[in-house]
Amino acid sequence: MSSSNALPPRSNVAPIPMECDAPFLKVEGELPRELNGTLYRNGPNPQFDVPGAHWFVGDGMLHAFHIENGRASYRNRWVRTPKWLAEHDAGRALFGGFGRRLSNVPEGTTQDSGVANTNIVFHAGRLLALEEGHMPTEIEPGTLATRGYQTYRDAIAGPFTAHPKLDPVTGEMVFFGYNAAGPFTPKVSYGVVGANGEVSQFERFDAPYASMVHDFIVTEKHVLFPILPLTGSMERAMGGRPPYAWEPDKGAYVGVMKRGGSTKDIIWFRGDSCYVFHVMNAWEDGQRIIADVMQFAEPPLFPYPDGRPTDPAKSKARLCRWTFDLSGATDRFTQHYQDETTGEFPRIDDRQAGLAYRHGWYACGNPAGAAASGLSGIVHVDHNANRRAQYLLPDGDTISEPVFVERGAEAAEGDGWLVATVWRARENRSDLAVFNALDIESGPVALVQLGHRVPDGFHGNWVNGR
Ligand SMILES: [Fe+2]
């Protein structure tokens, strides 16, 4: 433990070494009585340290905050993947990331390096921990116990995105997988799981080149696959060079297909080289498709093929509007930045997913703050009023993805709360912060206080208790 006069730690990336249950947490302010459910979050938390390993490849740890009747409890558990179990038995790391096995791995050790560390979604009665290289891992909602891979009676196989889209109208889960013919291949899968939990479509197609495809776009009638030049290369990986690297000369492609149609009929649009990890939302407007994305001029966290880093000034994302003209007049799509503020982890009121929408939120940077590289506030975008609201944390603190929870089933779009974990740098512990989603500038209405910290993670979702 650090002494009271020690300098605060500079970041919240390091893993925590324990699992725990906190049945009754202290609350500052008042938790809204309508909040009844659980925020599930996921992120990398390596069981064993591997020097030099990429942040993305740490074992998934789940954090669940349950809120009911103004009270809050917490539980965290590692996902018991085959890799986690093998390393737990061995008492040491066996994998180095992106499938690489370390030396002296015991004979008979699993080949499966899945870490289930990126997202956690609830669909058709199943809670699924997701990581884009492997199938979904089913989790028991109350205990966070790992049930194992959910293969939908073997109707699907291969990698499964961490960002499937849940259609609020049909109840379908629409998904894809890249590297679908093996590591660093341009093959991509596409599929649909119906509201009944059964697979209704599963196909594969060839993308223009092998790349990291973290997210995609689904509207009421279309699916769009962004193939952006953060390329994957087996040759580089085998030669000890970066498996994923920034090759802007390859150009940006987005494949558009009709939902219910075939991947054979994908039409490819071209755009300026960029990278996008996350999509805010997208919808149809007559003959056009409009998508709001967090666009990077150059990707962060990944180098050029020769190992040179990308430009830190260009590797920050801003909200950007992509427009596709389906009339056949052009195969170019347009890209217009909507905001000066940099940020990541865009979210919406998920009841508007794939539809025209008014409200969005994202975690933002604070260029003037000490944690200039971290996410230290949230932005509310009101597209109708062309208005931006912002809340910045005390200097040094950082925030997770803000997840929207509606006030009730009949609430208007945006009427509800944002829930996010906040790292308190000076105290080196975390709060769960609850904001009024349409009045973030007033700051949190309630803070659920943890004694320990929740490391910077990726994504989460709220599951209603009703
Ligand atoms: Fe993501």
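The values are calculated or read from the model by the stated rules, or taken from the named source; none is laboratory data. Source: prediction; values computed, not measured. So basically every Cβ, Gly included, is an ideal-geometry build from the backbone, and we count neighbours across all protein chains shown.
Return the residues of segment 194-212 that are touching an Asp or Glu at 6+ places or on another chain (Cβ under 7 Å) and assigned to a strand (DSSP E or B); say none if nothing qualifies.
Scanning segment 194-212 gives no hits.
When the residues of segment 238-274 are filtered to those that are within 24 Å of residue 338 (Cβ to Cβ) and in contact (Cβ under 8 Å) with a residue 60 or more places away in the chain, which remaining residue is farthest from the ligand (Cβ to nearest atom)? Spell out how you get there, then give the answer.
Just the residues of segment 238-274 that are within 24 Å of residue 338 (Cβ to Cβ), to begin with: 246, 248, 251-256, 269-274.
Now narrow it down to the ones that are in contact (Cβ under 8 Å) with a residue 60 or more places away in the chain: 246, 254, 256, 269-272, 274.
Numbers: 246: 18, 254: 18, 256: 22, 269: 23, 270: 24, 271: 21, 272: 22, 274: 16 Å.
Among those that are within 24 Å of residue 338 (Cβ to Cβ) and in contact (Cβ under 8 Å) with a residue 60 or more places away in the chain, it is 270.
Restricting attention to segment 65-89, which residues are among the small types (Gly, Ala, Ser) and more than 21 Å from residue 131 (Cβ to Cβ)? Break it down into steps so the answer makes sense when it comes.
Filtering segment 65-89 down to residues among the small types (Gly, Ala, Ser) leaves 70, 72-73, 86.
Hits for segment 65-89 are 70, 72, 73.
Got a sec? Which of 32, 46 is out of contact with any strand residue (DSSP E or B) (no Cβ under 7 Å at 6 or more places or on another chain) and more than 19 Å from residue 237 (Cα to Cα)? Don't jump to the end; show me each part of the working.
Numbers: 32 fails: out of contact with any strand residue (DSSP E or B) (no Cβ under 7 Å at 6 or more places or on another chain).
Being out of contact with any strand residue (DSSP E or B) (no Cβ under 7 Å at 6 or more places or on another chain) and more than 19 Å from residue 237 (Cα to Cα) holds for just one of 32, 46, which is 46.
Checking the condition touching a Leu at 6+ places or on another chain (Cβ under 9 Å) and acidic (Asp, Glu), which residue from 344, 340 passes?
On the way: 340 fails: touching a Leu at 6+ places or on another chain (Cβ under 9 Å).
None of the others qualify; the one that does is 344.
Take segment 208-230 and flag every residue that is under 21 Å from residue 168 (Cα atoms), within 14 Å of the ligand (Cβ to nearest atom) and of a type outside the set (D, E, K, R). Reasoning before the result, please.
In the first step, residues of segment 208-230 are kept if they are under 21 Å from residue 168 (Cα atoms); the result is 215-225.
Cutting the leftovers down to within 14 Å of the ligand (Cβ to nearest atom) gives us 215-217.
Within segment 208-230, 216, 217 meet the criteria.
Is it the case that segment 103-117 has a residue that's assigned to a loop (DSSP other than H, G, I, E, B), in contact with a strand residue (DSSP E or B) (Cβ under 7 Å, 6 or more places away or on another chain), within 16 Å of the ligand (Cβ to nearest atom) and among the hydrophobic types (A, V, I, L, M, F, W, C)?
Yes: one or more hits.
With touching a helix residue (DSSP H, G or I) at 6+ places or on another chain (Cβ under 9 Å) and surrounded by 18 or more Cβ atoms within 10 Å (Cβ to Cβ) as the only criterion, which of 366, 281 stands out?
Working: 366 fails: touching a helix residue (DSSP H, G or I) at 6+ places or on another chain (Cβ under 9 Å).
Criteria check complete, one pass: 281.
Scan segment 213-258 for residues that are part of a strand (DSSP E or B) and within 19 Å of residue 302 (Cα to Cα) and report the count.
Taking segment 213-258 first, the residues part of a strand (DSSP E or B) are 217-218, 222-227, 230-232, 244-246, 252-258.
Checking the rest, the ones that are also within 19 Å of residue 302 (Cα to Cα) come to 226-227, 230-232, 244-246, 252.
Counting residues in segment 213-258 that are part of a strand (DSSP E or B) and within 19 Å of residue 302 (Cα to Cα) gives 9.
Hand me the list of strands (runs of 3 or more DSSP E) wholly inside segment 406-466 holding 1 or more residues that are within 16 Å of the ligand (Cβ to nearest atom) and crowded, with 16+ Cβ neighbours inside 10 Å.
Numbers: elements: 416-424, 429-436, 446-449, 460-464.
Those strands (runs of 3 or more DSSP E) span 416-424, 460-464.
Here are the criteria: (1) assigned to a strand (DSSP E or B); (2) of a type outside the set (Asp, Glu); (3) under 28 Å from residue 77 (Cβ atoms); (4) in contact with a Ser or Thr (Cβ under 7 Å, 6 or more places away or on another chain). Tell me which single one residue 158 does not satisfy.
Evaluating residue 158 over (1) assigned to a strand (DSSP E or B); (2) of a type outside the set (Asp, Glu); (3) under 28 Å from residue 77 (Cβ atoms); (4) in contact with a Ser or Thr (Cβ under 7 Å, 6 or more places away or on another chain) leaves (1) as the failure.
For residues in segment 390-405 being out of contact with any helix residue (DSSP H, G or I) (no Cβ under 9 Å at 6 or more places or on another chain), closer than 15 Å to residue 441 by Cα and part of a loop (DSSP other than H, G, I, E, B), which is modelled with the lowest pLDDT?
Looking at the filtered set, the residue picked out is 394.
Anything in segment 168-200 that is of a type in the set (Asp, Glu), more than 24 Å from residue 254 (Cβ to Cβ) and surrounded by 15 or more Cβ atoms within 10 Å (Cβ to Cβ)? List them, or say none. Break it down stepwise before answering.
So the first thing to find is which residues in segment 168-200 are of a type in the set (Asp, Glu), and the list is 172, 198.
Checking the rest, the ones that are also more than 24 Å from residue 254 (Cβ to Cβ) come to 198.
None; the set is empty.
Under 8 Å between Cβ atoms, at least 6 apart or on separate chains: pull out the pairs that start in segment 179-198 with a residue that is on the phi > 0 side of the Ramachandran plot and end on any residue that is assigned to a loop (DSSP other than H, G, I, E, B) and among the aromatic types (Phe, Trp, Tyr).
What qualifies is 197/152.
From (1) under 20 Å from the mean Cα position of the chain (by Cα); (2) under 14 Å from residue 134 (Cβ atoms), pick out the condition that doesn't hold for residue 182.
With (1) under 20 Å from the mean Cα position of the chain (by Cα); (2) under 14 Å from residue 134 (Cβ atoms) applied to residue 182, the lone miss is (1).
Quick one: count up the residues across segment 155-172 that are over 16 Å from residue 207 (Cβ atoms) and away from the ligand (no atom under 16 Å from the Cβ). Talk me through it step by step, then tell me what you get.
As a first pass, look at segment 155-172 and keep what is over 16 Å from residue 207 (Cβ atoms): 155-157, 160, 162-172.
Still in the running and away from the ligand (no atom under 16 Å from the Cβ): 155-157, 167-172.
Looking only at that region, the number is 9.
Of the numbered conditions (1) out of contact with any Leu (no Cβ under 8 Å at 6 or more places or on another chain); (2) farther than 14 Å from residue 457 by Cβ; (3) modelled with pLDDT of 95 or more, residue 100 satisfies every one except a single condition; which is it?
Going through (1) out of contact with any Leu (no Cβ under 8 Å at 6 or more places or on another chain); (2) farther than 14 Å from residue 457 by Cβ; (3) modelled with pLDDT of 95 or more one by one, residue 100 breaks only (3).
Looking at segment 307-334, which of its residues are touching a strand residue (DSSP E or B) at 6+ places or on another chain (Cβ under 8 Å), touching a residue at least 60 places away in the same chain (Cβ under 8 Å) and of a type outside the set (Lys, Arg)? Give the steps one after another, and end with the answer.
Our first condition is that a residue be touching a strand residue (DSSP E or B) at 6+ places or on another chain (Cβ under 8 Å); within segment 307-334, this holds for 310, 314-326, 331-334.
Then drop every residue that is not touching a residue at least 60 places away in the same chain (Cβ under 8 Å), which leaves 310, 319, 322, 324, 326, 331-334.
If the condition is that a residue be touching a strand residue (DSSP E or B) at 6+ places or on another chain (Cβ under 8 Å), touching a residue at least 60 places away in the same chain (Cβ under 8 Å) and of a type outside the set (Lys, Arg), then 310, 319, 322, 324, 326, 331, 333, 334 are the ones that fit.
What are the residue pairs meeting all of these: first residue in segment 116-134, first residue within 13 Å of residue 463 (Cα to Cα), second residue acidic (Asp, Glu) and at pLDDT 95 or above, Cβ atoms under 7 Å, and 6 or more apart or on different chains?
So the pair list comes out as 126/138; 127/138; 128/138.
For segment 129-142: of the residues being part of a strand (DSSP E or B) and over 18 Å from residue 401 (Cα atoms), which is nearest to the ligand (Cβ to nearest atom)? Explain how you work it out, then say what you get.
Taking segment 129-142 and keeping what is part of a strand (DSSP E or B), we get 129-130, 137-139.
Add one more test, that the residue is over 18 Å from residue 401 (Cα atoms), and what stays is 137-139.
On the way: 137: 16, 138: 20, 139: 18 Å.
Only one residue tops the list, namely 137.
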